[in-house]
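Enquirer: Mind having a look at this structure? Questions to follow.
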Amino acid sequence: MANIHTQYKKTIYRVLKDPFTRTALRRAVESFRKNRDRALEAFPYVKEEAKKLIETKNQVIDNFDYYIEKTMKVVESMHAIPYYAEDADEALDIMKKIVGTGKTIVKAKSITSEELFMNEKLEEWGNEVFETDLGEFIVQLLKSRPMHILAPAVNIPREKVAEIFSQFSGEELPPDPPRLARFAREFLREKFFNADIGISGGNAITADTGTIFLIENEGNIRLATSAPPVHIAVIGIEKILPSLKDGMRLLEVVSRYAGYLAMSYVSLISGPSKTGDIEKVVVYGAHGPKELHVILLNNGRKEAAKDPVVKQALRCLRCGACMYECPVYPLTTGYWGYKYMGGIGIPWTAYITGGFEKAAPMAFTCTMCGRCVKYCPMEIDTPKITERVREILNEKGLIPPYIEELARNVIEKGVPY
Amino acid sequence: MKIGIFFGCTTRSTPVLFDRLKELMDRAGVEYSSHGLDLCCGAPLLLAGKIEEAKVQAEKVRKSLEGVDVVVTPCPHCYTIIKHEYREITGKDNDFEVLHITQFLKKLIDEGKIKFKSGFRKRVVYHDPCYIGRESDGIYDEPREVLKSIPGLELVPLPLEKEDATCCGGGGFVRAYLPRLSAEVAKEKIELQVLPTGAEVLTSACPFCYLNLNDGSEGKIEVEDLVSIVLKGVE
C-alpha cells in the first residue's frame, strides 16, 4: 500500500515541474472564470433553475429503481432497445453482443466509457475505434488519458499535437491550431460515414419521453450518433431525469456553469431514425441509425446512493466548474484522479471505478477548502464527502502511512508532533 | 471571566508564533490559562477518518478546559473543530465560548488594552484562512479591522478574498501528505494574486497558512502572522 502513495507522490511532483501544464491551466482558469461569470450574468435566473434541478436530481437518486424501470419502458416504446447493466462487466457483455468484431466505431467523448475501459475492450474484440472529439482524438493518439472532463487535452501544447498528428498522417503538419483541427476534420469525416457503429454517453435521459440529451460544441457527437447505422448510448443511471422539461433545465444549467452563452449543438434523440413516407409503411433507418441501443449503467451508483453523505456526488453534471475553482487541480490536472478526477473524482473513484484503494491518495490531495462548493451548481459538498470517504478509508485500513502515524501519535501521546 | 488560550499543536511547535502570541498577551495584560500544549484538538483524527477516537479526544479536551469561560485559539482548525465539530461528533454543547484570536484581539483593541506605539508602516495583504472563513463562521471583518487599526498599516485587498478566497494549499492534511504540492499552491497564489498588488507583507491568522505561505513565498514577499504584526505595532 505504501507503494501506491510513493508512486502517486512521484507523479504529482513530476507534473508540478511541467511549465506547459502550468501556463495552459492558468490560461484555462482565467478564461473559464470570465466566460462563466458572463454567462451567469446574462442569464441570472439560471441560479434558481439550478436549485430546482437539485431537487429533481435528488428525487431520481432516491428512487433509482422506479426511474430505471420507467425509462426502460419508454425507451422500448420508442423502438429503441433498452438494457440495464448492473456493473461494468455486464455492460461490456451487452456491448460485445451488439458490436461483435471487425467493426469501425466512431465515439463521442464520454467519461462513462472511460469508466468501462471501453476503447481497450472494443479493440481487444477486433474493432477499430476512433475518438472524434478533437481533444479526445489527441489523447487517443497519445495513448494517454483525458486530463479534464471538458477539455481532455488541456495540458498538451500545440507543438506536441503537431508532432503526433504528423507522425500519424505521415505528412508534415505545422503547430497551427486551425490547420491541426482541419486535419482532424478531414481525417475523421470519412470515418463518420463509413463507421458501422457510433457510441455516445448522454448528458441526460428523460423518463417520460426516453430522450437522450447530448450537449456539445464541435458537432462530432451529432455526426457520430447520426451517420452510422447503429447508435449505442451508454448512460449512467444518475443521468435519468423525470421529464423532458427537466432536460431543458439541465441544458441551461450545465451550459451556463460551463461558461457558455449557448452550446453550438444539442441533440435530443428519442429512438432510431424512421420514415413512413412510402405508403405509410414505417421503415427504420431513414437517414439516421436504424438501431438505437440504450444501456443504463449502475456500476456502483446505487451503492453510492445508499450513503447519506456520498449520494450528493451523483448530482454532478460534469460542468467542470469545481476543477477550475480548485486551488489544487490547476497544478495537478487529471493526475489527481483515476478515471474521474479532482475533488469530485474522490467519491466517483471510490464507488464507481477504481475502488477505495485508488481513491485513497486522491482523498488526501483535497485541502477541504470548500471553494468548489461555492461554485457548484448542484451544491455538492466535496469536503464533506471527502471526510466521509476518509472515514471509510480508515475502516478499510487505507489511510496513508504518515497520516496514520500522526493520528496514532494523537491517540497515544495526545499530540501529533 | 476566565480566559484559556488553546495554542494548538502547530502554534506550539512554531516558536515565532508561540512566543509572540504569549508576549502580546502579556503586553495586553491578559490573564489566561494555557491549553492545547500537550493535548491536540483532534484535527488529525478527524482528517484521518477516526471519528470514534476524535470523540474521546473531544472529551479529553473539554475536561482540560473545565472552569474556562472563553477559549481563545490562534488556530482556525482548532477553532472550528472545538466550536462546531465537537457538537457534531459528541452531540453535546461546550460549556465555554470559543473565539478566534482575531476576534479576541479586536475586543482588546476596542477595550483599549492593546495600544499601538510604533505602528507598522507597510502595505499588507491579508489571506483569509478557510477555517475561520468560508468553511466556518465567516470571520472576515475582525482580522481586517485589527490590521486597519494599526497606525501606518495600509491594507491592500486581494482580487479573490473573504468568501471567495483561495486556499493556501495547506489544509486537509495535504501539507503532511504532499508538502511540495501544498507549497506550490501557496506559490501560485502569491504569484498570481499577491505580488501584483504590490504589497510588502503577506499576513494571515492561521499557523498552517503561515507555514505554508512562507514555504511558497520563496523570499519574494515577507510573510508575517497577524499576531506578529500587532505585536510589532505595539512595541
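The values are calculated or read from the model by the stated rules, or taken from the named source; none is laboratory data. Here the structure is a predicted model, which is why all the values come from computation and not from measurement. FYI the Cβ positions are ideal-geometry reconstructions off the backbone, even for glycines, and counts take in every protein chain you see.
Enquirer: Find the helices (runs of 4 or more DSSP H) located wholly in region A:117-195 whose residues include 1 or more that are surrounded by fewer than 15 Cβ atoms within 10 Å (Cβ to Cβ) and acidic (Asp, Glu), and list them.
Expert: Working: elements: A:118-124, A:134-142, A:158-169, A:177-194.
Once the helices (runs of 4 or more DSSP H) in region A:117-195 are filtered for at least 1 residues that are surrounded by fewer than 15 Cβ atoms within 10 Å (Cβ to Cβ) and acidic (Asp, Glu), what remains is A:118-124, A:158-169, A:177-194.
Enquirer: Given the residues A:Arg388, A:Arg408, which is the only one that is among the basic types (Lys, Arg) and farther than 30 Å from A:Glu49 by Cα?
Expert: Working: A:Arg388 fails: farther than 30 Å from A:Glu49 by Cα.
Checking each option against the conditions leaves just A:Arg408.
Enquirer: Restricting attention to region B:188-200, and to residues there that are more than 9 Å from every other protein chain (Cβ to nearest Cβ) and hydrophobic (A, V, I, L, M, F, W, C), which single residue is surrounded by the fewest Cβ atoms within 10 Å (Cβ to Cβ)? Talk me through it step by step, then tell me what you get.
Expert: Taking region B:188-200 as the starting set, the residues that turn out to be more than 9 Å from every other protein chain (Cβ to nearest Cβ) are B:190-191, B:193-200.
Right, trim to hydrophobic (A, V, I, L, M, F, W, C) and you get B:190, B:194-195, B:199.
On the way: B:Ile190: 22, B:Val194: 24, B:Leu195: 15, B:Ala199: 21.
Here the answer is B:Leu195.
Enquirer: If you don't mind, another one. Looking at region A:343-357, which of its residues are touching a helix residue (DSSP H, G or I) at 6+ places or on another chain (Cβ under 8 Å) and free of Cβ contacts under 8 Å to residues at least 24 places away in the same chain?
Expert: Applying the first criterion (touching a helix residue (DSSP H, G or I) at 6+ places or on another chain (Cβ under 8 Å)) to region A:343-357 yields A:343-353, A:355-357.
Matches in region A:343-357: A:Gly345, A:Thr349, A:Gly355.
Enquirer: Looking at this structure, is B:Lys187 on the phi > 0 side of the Ramachandran plot and charged (D, E, K, R)?
Expert: On the way: on the phi > 0 side of the Ramachandran plot: no; charged (D, E, K, R): yes.
No, not satisfied.
Enquirer: Against the condition hydroxyl-bearing (Ser, Thr, Tyr) and either in contact with a helix residue (DSSP H, G or I) (Cβ under 6 Å, 6 or more places away or on another chain) or away from chain B (no Cβ under 13 Å) (or both), how does A:Tyr335 come out, does it pass? Step through it out loud before you land on a result.
Expert: On the way: hydroxyl-bearing (Ser, Thr, Tyr): yes; either in contact with a helix residue (DSSP H, G or I) (Cβ under 6 Å, 6 or more places away or on another chain) or away from chain B (no Cβ under 13 Å) (or both): yes.
Yes.
Enquirer: Name the residues in region B:171-187 that are of a type outside the set (Phe, Trp, Tyr), in a helix (DSSP H, G or I), within 7 Å of chain A (Cβ to nearest Cβ) and touching a Ser or Thr at 6+ places or on another chain (Cβ under 9 Å), would you?
Expert: Taking region B:171-187 as the starting set, the residues that turn out to be of a type outside the set (Phe, Trp, Tyr) are B:171-172, B:174-176, B:178-187.
The next check asks that each one be in a helix (DSSP H, G or I); those that pass are B:171-172, B:174-176, B:179-187.
With within 7 Å of chain A (Cβ to nearest Cβ) added as a condition, the list becomes B:171-172, B:174, B:176, B:180-181, B:184-185.
Within region B:171-187, B:Gly171, B:Gly172, B:Val174, B:Ala176, B:Leu181, B:Val185 qualify.
Enquirer: I've got another one for you. Could you tell me whether region B:203-224 includes any residue that is more than 19 Å from the chain's Cα centre (by Cα), within 14 Å of chain A (Cβ to nearest Cβ) and polar (S, T, N, Q)?
Expert: For region B:203-224, residues more than 19 Å from the chain's Cα centre (by Cα), within 14 Å of chain A (Cβ to nearest Cβ) and polar (S, T, N, Q): absent.
Enquirer: Determine whether A:Tyr329 is among the hydroxyl-bearing types (Ser, Thr, Tyr), in contact (Cβ under 8 Å) with a residue 12 or more places away in the chain, surrounded by fewer than 21 Cβ atoms within 10 Å (Cβ to Cβ) and within 14 Å of chain B (Cβ to nearest Cβ). Show your work before the answer.
Expert: Values: among the hydroxyl-bearing types (Ser, Thr, Tyr): yes; in contact (Cβ under 8 Å) with a residue 12 or more places away in the chain: yes; surrounded by fewer than 21 Cβ atoms within 10 Å (Cβ to Cβ): no; within 14 Å of chain B (Cβ to nearest Cβ): yes.
Here the answer is no, as A:Tyr329 does not meet what is asked.
Enquirer: Another one. It is to be established whether one or more residues within region B:135-154 are within 18 Å of the chain's Cα centre (by Cα), within 14 Å of another protein chain (Cβ to nearest Cβ), surrounded by fewer than 16 Cβ atoms within 10 Å (Cβ to Cβ) and at pLDDT 95 or above.
Expert: Within region B:135-154 (the criterion being within 18 Å of the chain's Cα centre (by Cα), within 14 Å of another protein chain (Cβ to nearest Cβ), surrounded by fewer than 16 Cβ atoms within 10 Å (Cβ to Cβ) and at pLDDT 95 or above), the answer is yes, since at least one residue qualifies.
Enquirer: Continuing with the same structure: Could you check how many residues of region A:260-309 are in a strand (DSSP E or B), polar (S, T, N, Q) and within 25 Å of the chain's Cα centre (by Cα)? I'd like the intermediate steps shown before the answer.
Expert: So in region A:260-309, the residues in a strand (DSSP E or B) come out as A:265-269, A:274-275, A:283-284, A:291-297.
Remaining after also requiring polar (S, T, N, Q): A:267, A:275.
Then drop every residue that is not within 25 Å of the chain's Cα centre (by Cα), which leaves A:267.
Total satisfying the criteria: 1.
Enquirer: Would you mention how many residues in region A:221-259 are crowded, with 23+ Cβ neighbours inside 10 Å, assigned to a strand (DSSP E or B) and β-branched (Val, Ile, Thr)?
Expert: So the answer is 3.
Enquirer: Under the condition of being at the interface with another protein chain (Cβ under 8 Å from one of its Cβ atoms) and either acidic (Asp, Glu) or on the phi > 0 side of the Ramachandran plot (or both), which residue from region A:380-416 is surrounded by the most Cβ atoms within 10 Å (Cβ to Cβ)?
Expert: A:Glu387
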